[in-house]
Structures are given as structure tokens and as C-alpha cells.
Amino acid sequence: MPPHPKRVLVTGGAGFIGSAVVRFLLRETGAHVLNLDALTYAGDLSTVEECADDPRYAGRYGFTHVDIRDGVALAEAFGRFQPDAVIHLAAESHVDRSIDAPATFLETNVMGTFTLLETALLHWRGLSEAERERFRFVHVSTDEVYGSLGPTGMFTEESPARPRSPYAASKAAADHLVGAWHHTYGLPAMTTNCSNNYGPYQFPEKLIPLVIRAALAGRPLPVYGDGSQVRDWLFVEDHARALWRTLLAGVPGETYAIGGHNERTNLETVRTICTLLDELAPRDTGSYAGQVAFVADRPGHDTRYAIDASKAARDLDWVPRETFETGMRQTVEWYLAHPGWPASGTAGERIGLGQRLASREAR
């Protein structure tokens, strides 16, 4: 096992999962952290506000506004920071948005990952032999690259890629690039494929924060189709810890499936939120569950995801600490305590109907 990384470069560190990683690294490790983020609609520096005065984050490093498609800016950041580890989280990540605007997902998730890999490879080749042995690159991906499961079975690291949405296809392409850069050029890179994350600071277009905000505002709680789609939910702080364990114990060239062991249908998830809100923010007009509204299903909606994370438990010495019940309580309590976050927010309007015109992408 290589020594603990001293300088970790995190891409997408102002986003939901990335900011949890930045906060974890500064709270739980001795690493210096450079946070690269393009600050698109879902990037928000308030997610790392608590890190601003940490000398391992502020000082010479801290936050740098960089788009991973910009090779010149990436090279400058690598040259200045001299990382011995990279955790790559920068990505477009919302399936519904990918249905309406796939080009953006290809540009960022595929070409951005390519540009980052090229920059990391050049940096790695310029290191001493001992430094090259220590260097690690962790690419953070999704279980959605594997497609859809039936009523039984689980995704493993050996599952074939069968993406069914533009988002999933773009992430699968990035996964293959990372593997190719390891096997062809020797870059010590690893890939993790995680299940659905949730927790504080998640942008409110995603199911759990969207439902919390809509419930408190008295709006309908949209459930796609009949709500029977199954997701395996992973608390974001557990995920951050898994990525650190990947840096410490992961083997270059390997893939690690990171799951929460918390399968729930979407309707069960929405009803859990309503039950917690009934307890924590009760109102005179009855249960929040009365706001549930079934809407037309998402085009190509995957039926079920589930992760077998036994390899991560065995090889990385990682298992999730939070159950669905404990993680959801923390999440609902956080959103109740931060009613104005984020200031930009979203009105919860329906996107991803699959009705885009080809001309919208021709640019």
C-alpha cells in the first residue's frame, strides 16, 4: 500500500459529491486539497465554505475555477499544485438533463475526462520513479453504466456496460477511457461505480431534495410512472470515505463497486421523506403524502439498480456506516435547517421528456 497522499486534486469539488470529498479530506486526513470546479449550475462554493480557513485548503491551494475541458488551465493547476493523487468527480450528472441536451454531457464527461487524463499522464511521466509509484488517479462513475436489472441480481465489477441514457453512455465512455489510459500508458488509475447518492448539499433537481422542497412548498411530489423503479441509496459521506479508501488500498487498473445496501422503490423513498417531514415539520393540513402525484415516466427509465459491494468490503476495508433510515433522517434535518439553499435552486419543473429537436444539439 502506498503512503497516504499528501496533495489531492479534486475535480468537481464544489458539486454535491465532490464537496463532500473535499470536506472529508480536510476533516479526516492530513492531505492538502486543490478543488477544481467550473461552477456550472450545480456547482456552489457554499458547499465548501467551512473549508475556507483551513491552511491545507486556503493558502496556496484551495479553490480554482477550471473547466476540465481546458487543457491549458489544467496543466497550470497540476504544475502549481503537484498532486500525488487525483479524484475525478467533475461531470454532468442528471439523466433528465442528458435527455434534453446530450451534447453537453459528451463534451464534459467524455472530452473533459480525456483532457484530464492527458494532463494527468503528462504530470505523472514527469515525476520521479518513487513519486510515480505513489501517484493514484481515481475516476468516479456510476452504476447506471450497467443498464437495468430485473427483479433479482446485482451489479458487480464484472457486469458489462449497457448504458441506456445519454448520461450513462457518456459515463461508460469515460470509464473505458480511464481503463485504456491505464492499460496503454501505465497511468495508475482506478474506477469506482457508485449507486445513487443522497445527503446534504445535493442540488434540488435530484429526487430526494426535490421532494423535500416541493413538500414544504405545498407543491405536488412527482413520482415517475408507478414509482416501482428500485434504487440502491448511498449516503454521500459514506461515499467520500470509500473514495479515500480507494486511494489508500485500491489497485491500479481495478474497478470497485460502491453501494449503500439500501434498495428502495422510488415510491418508498418519497413516502419515507413524507413520514420524516410529518414528524419533523408537522402541519395541520395532514400528511405530506397527500401531495404525491404520479406523472408520465421518464423515457427509457431503468427498472432497478443494485450494487454488490463485497469487493470494496474485502479489498478496501470499506462498508457503509449509515442505513437508509439514519442517512435519510440526517438529510431531511439538514434541508429543514437550510431552507434557502441553494439560492439559485430550481422550481422543480419537469425536464427530460425526450421531445428535444435535433437542431437544438447542432451547434
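Annotations for the structure displayed:
- Screening the candidates LEU207, LEU216 for the property of being at pLDDT below 95, of a type outside the set (Gly, Ala, Ser), under 30 Å from GLN291 (Cβ atoms) and out of contact with any Asp or Glu (no Cβ under 8 Å at 6 or more places or on another chain) yields one hit, LEU207.
- If you go through segment 273-302 and keep only what is touching a strand residue (DSSP E or B) at 6+ places or on another chain (Cβ under 7 Å) and under 19 Å from MET328 (Cβ atoms), you end up with GLN291, VAL292.
- Residue in segment 252-261 that is modelled with pLDDT under 95 and farther than 21 Å from ILE212 by Cβ present: yes
- Number of residues in segment 163-177 that are modelled with pLDDT of 95 or more and out of contact with any helix residue (DSSP H, G or I) (no Cβ under 7 Å at 6 or more places or on another chain): the value is 2.
- Count of segment 218-234 residues which are closer than 24 Å to ASN193 by Cα and aliphatic (A, V, I, L, M): 2
- ALA257 vs. criteria among the small types (Gly, Ala, Ser) and free of Cβ contacts under 8 Å to residues at least 24 places away in the same chain: no
- Output for segment 195-217, where each listed residue is within 19 Å of GLY13 (Cβ to Cβ), touching a strand residue (DSSP E or B) at 6+ places or on another chain (Cβ under 6 Å) and not polar (S, T, N, Q): TYR198, GLY199
- Sub-7 Å Cβ pairs linking a first residue in segment 299-323 that is touching a residue at least 60 places away in the same chain (Cβ under 8 Å) and within 25 Å of GLY147 (Cβ to Cβ) to a second residue that is acidic (Asp, Glu) and part of a loop (DSSP other than H, G, I, E, B), at least 6 apart or interchain, are LYS311/GLU157, ordered by first then second residue.
- Within the option set LEU234, LEU243, LEU210, being touching a residue at least 12 places away in the same chain (Cβ under 8 Å) and either assigned to a loop (DSSP other than H, G, I, E, B) or over 29 Å from ASP84 (Cβ atoms) (or both) holds for one residue only, LEU210.
- Any chance PHE63 is in contact (Cβ under 8 Å) with a residue 24 or more places away in the chain and within 22 Å of PRO188 (Cβ to Cβ): no
The values are calculated or read from the model by the stated rules, or taken from the named source; none is laboratory data. All of these numbers come straight from a predicted model, not from anything done at the bench. Note: ideal-geometry Cβ built from the backbone for every residue, glycine included; neighbour counts use all protein chains shown.
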